[in-house]
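Visitor: Just passing along the structure, written as structure tokens.
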Amino acid sequence: MQNTFIKNDRGRIAIWLILAIAAGALYAGYYYLQGTPRFALMQFKRAIVFKDAEIAEKYLDMDGFINKFLGGLTDDAEKQTVKKRIIYEINWPSQKSTFAGVKDWSVFTVPIHIDVDNNGVATAEPDEGTDVRLERKGKRGWIITSINFNKAQ
């Protein structure tokens with residue numbers, strides 16, 4: 001017995017309908033993921049792994065990170081020097097780089113705590129001893145505002 005359902009017009013329409021629903025579901029899932037703090041962590045890790053400082057700057061509040069890193073007691077020339085150094089470490093990481101541990105982050109399984117009372121602040125511990133704080137940027141985006149590496153040490 002041959003399957004004639006796929007060969008007739010109703011079968012072809014059903015296949016196209018199933019494909020359209022699957023494509024729509026994939027798009028909706030990706031759209032949802034883009035508005036989560038997990039997406040920002042994934043993109044930042046991707047930037048470190050693939051040595052792309054341009055992507056890293058989209059998901060890391062560079063000025064806030066530098067101010068917290070330096071204690072806020074510096075002038076603009078020192079901030080620019082540190083920013084250049086951070087971009088250099090992202091683009092040309094070594095084993096002793098500040099961001100070397102980011103490659104080991106578990107961004108898919110890490111629990112992320114979103115504090116809705118605090119105007120959209122999220123915290124995560126993607127690696128043992130590393131705390132990441134993210135803040136909402138706009139309606140759907142998130143940005144990393146601080147990274148505390150190896151807090152236990």
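Visitor: Could you say which residue among LYS45, LYS103, LYS68 is basic (Lys, Arg) and out of contact with any Pro (no Cβ under 9 Å at 6 or more places or on another chain)? First the steps, then the outcome.
Guide: Details: LYS45 fails: out of contact with any Pro (no Cβ under 9 Å at 6 or more places or on another chain); LYS103 fails: out of contact with any Pro (no Cβ under 9 Å at 6 or more places or on another chain).
Within the list LYS45, LYS103, LYS68, the selection yields LYS68.
Visitor: Can you confirm whether the range 11-34 contains a residue that is within 19 Å of THR145 (Cα to Cα) and not in a helix (DSSP H, G or I)? Walk me through it before giving the result.
Guide: Going through the range 11-34, the residues within 19 Å of THR145 (Cα to Cα) turn out to be 34.
Applying the additional criterion that residues be not in a helix (DSSP H, G or I) yields none.
No, the conditions are met nowhere in the range 11-34.
Visitor: Is it fair to say LEU41 is farther than 21 Å from TYR30 by Cβ and under 12 Å from the mean Cα position of the chain (by Cα)?
Guide: Values: farther than 21 Å from TYR30 by Cβ: no; under 12 Å from the mean Cα position of the chain (by Cα): yes.
So LEU41 fails the test.
Visitor: I've got another one for you. Would you pick out the residues in the range 86-123 that are in contact (Cβ under 8 Å) with a residue 40 or more places away in the chain and closer than 19 Å to GLU57 by Cα?
Guide: The initial filter retains those residues of the range 86-123 that are in contact (Cβ under 8 Å) with a residue 40 or more places away in the chain, namely 90-93, 98-99, 101-103, 105, 107-108, 110, 112, 114, 122.
ILE90, ASN91, TRP92, PRO93, THR98, PHE99, GLY101, VAL102, LYS103, TRP105, VAL107, ALA122 - these are the residues of the range 86-123 that are in contact (Cβ under 8 Å) with a residue 40 or more places away in the chain and closer than 19 Å to GLU57 by Cα.
A short reminder: the numbers here are calculations on the coordinates, not readings from a lab. Keep in mind it's a predicted model, so treat the numbers as computed, not measured. All Cβ positions, glycine included, derive from the backbone under ideal geometry; neighbour counts span all protein chains shown.
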